[in-house]
1. Where the second residue is among the aliphatic types (A, V, I, L, M) and the first is closer than 19 Å to residue 35 by Cα and lies in the range 104-120, which pairs have Cβ atoms under 6 Å and are six or more apart or on separate chains?
2. Scan the range 2-33 for residues that are of a type outside the set (A, V, I, L, M, F, W, C), open to solvent by 40 Å² or more (accessible area, probe 1.4 Å), in contact with a strand residue (DSSP E or B) (Cβ under 8 Å, 6 or more places away or on another chain) and under 21 Å from residue 103 (Cα atoms) and jot them down.
3. Does any residue of the range 167-174 turn out to be open to solvent by less than 40 Å² (accessible area, probe 1.4 Å), outside any helix (DSSP H, G or I) and touching a Gly at 6+ places or on another chain (Cβ under 6 Å)?
4. For the range 56-89, give me each residue that is open to solvent by 30 Å² or more (accessible area, probe 1.4 Å) and either part of a helix (DSSP H, G or I) or of a type in the set (D, E, K, R) (or both).
Amino acid sequence: DAAGDQRLVRFISNNMTDKSGAFYSAIDAETDATEGAFYVWTDEEIKASLPEKHYNLFSRMYGIADIYRFPGHHYAAGGVLYKKAHAETPSILHDLDLALAALEEKRKSRSLPMTDKKVITAWNSIMIMGLAEAAIIWPTEDFLPQAEKAAKFILDNMIQEDGRLKRVHIHGQTYRDGFLEDYAWLSRALVTMC
């Protein structure tokens, strides 16, 4: 849904975007040698983190799915949230946003997983294209400036003097010649922004 799409972009902006505007490649699933420790929730944790009204709404809108466990791998107690219903009215959406913000605030007390700060041309280009398309749907959001800033980073840092495209940027250096997907996605992203 639209609110979820906007929350996703905010998450990426807050957690996976370099000050230059480029997008990082990943955030680990593991924290302190425990798979999912940052991400999973128990019903008791959710209940303790929310006022009763918001907990009841949250429970109606989201469920907690079991995590598949296999021998030799350690998981945090809890399960992964999944959306089971959609907000029908603006007031429900507002209350749901408050509940999600409260859980996000609570989660800040957990140890953060590592962020892989590689900038990959193709993956950034896909994100640029998505932001450019989102700017058409939500012109009042700052999606197009984000897309433009990321595109400027790619054009300024990932193209060599001879015109060849590089694939990876990290710690101020570019590495590896671009693959076909880097050229293809960057081309699509730039056309989408036109």
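1. 113/27; 115/27; 116/26
2. If the condition is that a residue be of a type outside the set (A, V, I, L, M, F, W, C), open to solvent by 40 Å² or more (accessible area, probe 1.4 Å), in contact with a strand residue (DSSP E or B) (Cβ under 8 Å, 6 or more places away or on another chain) and under 21 Å from residue 103 (Cα atoms), then 15, 28 are the ones that fit.
3. We begin by selecting, within the range 167-174, every residue open to solvent by less than 40 Å² (accessible area, probe 1.4 Å); these are 167-170.
Subset that is outside any helix (DSSP H, G or I): 167-170.
Filter once more, so that each one left must be touching a Gly at 6+ places or on another chain (Cβ under 6 Å): 167.
Yes, some residue in the range 167-174 is open to solvent by less than 40 Å² (accessible area, probe 1.4 Å), outside any helix (DSSP H, G or I) and touching a Gly at 6+ places or on another chain (Cβ under 6 Å).
4. 56, 59, 60, 66, 69, 83, 84, 88
The values are calculated or read from the model by the stated rules, or taken from the named source; none is laboratory data. As the structure is a computational prediction, the values presented were derived from the model and not from experiment. Heads up, the Cβs are rebuilt from the backbone with ideal geometry, glycines too, and the neighbour counts pull from every protein chain shown. Just the protein is used for accessible areas: all its heavy atoms, side chains included, with ligands, DNA and RNA removed. Shrake-Rupley method; radii C 1.70, N 1.55, O 1.52, S 1.80 Å.
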